[in-house]
1. Just to be sure before I move on: is residue 177 touching a Cys at 6+ places or on another chain (Cβ under 7 Å) and touching a residue at least 60 places away in the same chain (Cβ under 8 Å) in the structure I sent?
2. Looking only at the range 197-220, how many residues end up being in contact with a Phe, Trp or Tyr (Cβ under 9 Å, 6 or more places away or on another chain) and on the phi > 0 side of the Ramachandran plot?
3. Condition first: closer than 21 Å to residue 204 by Cβ, surrounded by fewer than 24 Cβ atoms within 10 Å (Cβ to Cβ) and not small (Gly, Ala, Ser). Now tell me which residues in the range 143-177 satisfy that.
4. If you go through the range 103-119 one residue at a time, do you hit one that is open to solvent by less than 20 Å² (accessible area, probe 1.4 Å), in contact with a Gly (Cβ under 7 Å, 6 or more places away or on another chain), at pLDDT 95 or above and part of a loop (DSSP other than H, G, I, E, B)?
5. Return the total of residues in the range 77-102 being open to solvent by 30 Å² or more (accessible area, probe 1.4 Å), among the hydrophobic types (A, V, I, L, M, F, W, C) and out of contact with any Lys or Arg (no Cβ under 7 Å at 6 or more places or on another chain).
6. If you take the residues in the range 203-231 that are open to solvent by 10 Å² or more (accessible area, probe 1.4 Å) and among the hydrophobic types (A, V, I, L, M, F, W, C), which one is modelled with the lowest pLDDT?
7. Give the range 57-76 a look and list any residue that's within 30 Å of residue 3 (Cβ to Cβ) and either open to solvent by less than 20 Å² (accessible area, probe 1.4 Å) or not in a loop (DSSP other than H, G, I, E, B) (or both), or say none.
8. Could you say which residue among 161, 138, 165, 153 is touching a strand residue (DSSP E or B) at 6+ places or on another chain (Cβ under 7 Å), under 19 Å from residue 220 (Cβ atoms) and assigned to a loop (DSSP other than H, G, I, E, B)?
Amino acid sequence: MSDITLLDGGMGQELVHRAGDRPTPLWSTQVMMDHPGIVTGVHKDFFAAGATVATTNTYAIHHDRLLGTGVEGKFAELHGCAIEEAKTARAAHGTGRIAGAIGPLRASYRPDLHPVSRTAVPLFAEVAHLLAPHCDLLILETVASVAHAADALEAAKETDLPVWLSLTVSDKDGTKLRSGEDLAEVGGVAARADAVLVNCSAPEAVTKAMPVIAGFDKPFGGYANGFVQITEDFLTDKPTVDTLTARRDMGPRAYAGYVMEWVAAGATIVGGCCEVGPAHIAEIASRLTATGHKIV
């Protein structure tokens, strides 16, 4: 049996559900500002469920996401708030690692909006350097193209931390990035990563991606979302998550079934993304333990 790193679940959607506020384009960042301490509560619940990694609520904190929101000048402060919430939860739990999350520039699932390297790399690097002193690793999330992967890795590798590259694939074909490029094409770039994952895609697509990323000769794994699909409405400018719908067939038992398929395929890093909550992580932890795996 294997040692398995169990990530947490989807911070952003969990925050939106708990706050009960109408979502804004700032998403989880807005909830963190409006409800201090709620992020810590989510981290604590994921730790209690069995997760061994807390992913910082920094996915959407980029300069371009803050433009026009009135909080443009709070870039560093917001990162600091997210880091402290994760640290507080870990201290209360007594153990665990903190992963500094770096999301896409401009928008999720929109590789067509990814800026040129000379613009992208410094922006990613600024975030990486803010996170690195406080984290155990960096995780580049929802990476939708080869160019995005290359730029984010170049920036994150300026730090001394391990860097996990997490790709997002087509919900219809897990062997394709959301850019339309073959998932296999990222293999050369992924050589710089310390682990390769697939996230924020349908679990069926993540399953299809597993054999491809297994071939990159890195520790690998996945954490899927529980959305019906990424709608056209969500691919517009400044979207809000209320245009997305949660799947009704993706409860803890169903989701854990997919995760155990990934583990059987050799995955050693698993967890959940949007619409995957503490109950899902608890079910995964239970199944991993019951089948003889050690959660690390």
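1. Working: touching a Cys at 6+ places or on another chain (Cβ under 7 Å): no; touching a residue at least 60 places away in the same chain (Cβ under 8 Å): yes.
It is false that residue 177 is touching a Cys at 6+ places or on another chain (Cβ under 7 Å) and touching a residue at least 60 places away in the same chain (Cβ under 8 Å).
2. Of the residues in that region, 1 qualify.
3. Residues satisfying the conditions are 171, 172, 173, 175, 176.
4. Looking only at the range 103-119, we keep the residues that are open to solvent by less than 20 Å² (accessible area, probe 1.4 Å), and these are 103-105, 107-108, 115.
Narrowing the set further to residues that are in contact with a Gly (Cβ under 7 Å, 6 or more places away or on another chain) leaves none.
No, every residue in the range 103-119 fails to be open to solvent by less than 20 Å² (accessible area, probe 1.4 Å), in contact with a Gly (Cβ under 7 Å, 6 or more places away or on another chain), at pLDDT 95 or above and part of a loop (DSSP other than H, G, I, E, B).
5. 2
6. Of everything passing the filter in the range 203-231, 230 is modelled with the lowest pLDDT.
7. Step one: filter the range 57-76 for residues within 30 Å of residue 3 (Cβ to Cβ), giving 57-59.
Once the filter is applied, which keeps residues that are within 30 Å of residue 3 (Cβ to Cβ) and either open to solvent by less than 20 Å² (accessible area, probe 1.4 Å) or not in a loop (DSSP other than H, G, I, E, B) (or both), the range 57-76 yields 57, 58.
8. Values: 138 fails: assigned to a loop (DSSP other than H, G, I, E, B); 165 fails: assigned to a loop (DSSP other than H, G, I, E, B); 153 fails: assigned to a loop (DSSP other than H, G, I, E, B).
From the options 161, 138, 165, 153, the qualifying one is 161.
The values are calculated or read from the model by the stated rules, or taken from the named source; none is laboratory data. All of these numbers come straight from a predicted model, not from anything done at the bench. Methodologically, a virtual Cβ is constructed for each residue, glycine included, from the backbone with ideal geometry; neighbour enumeration extends over all protein chains shown. The protein model used for the area step is the full one, side chains on, heavy atoms only, and it has no ligands, DNA or RNA in it. Shrake-Rupley method; radii C 1.70, N 1.55, O 1.52, S 1.80 Å.
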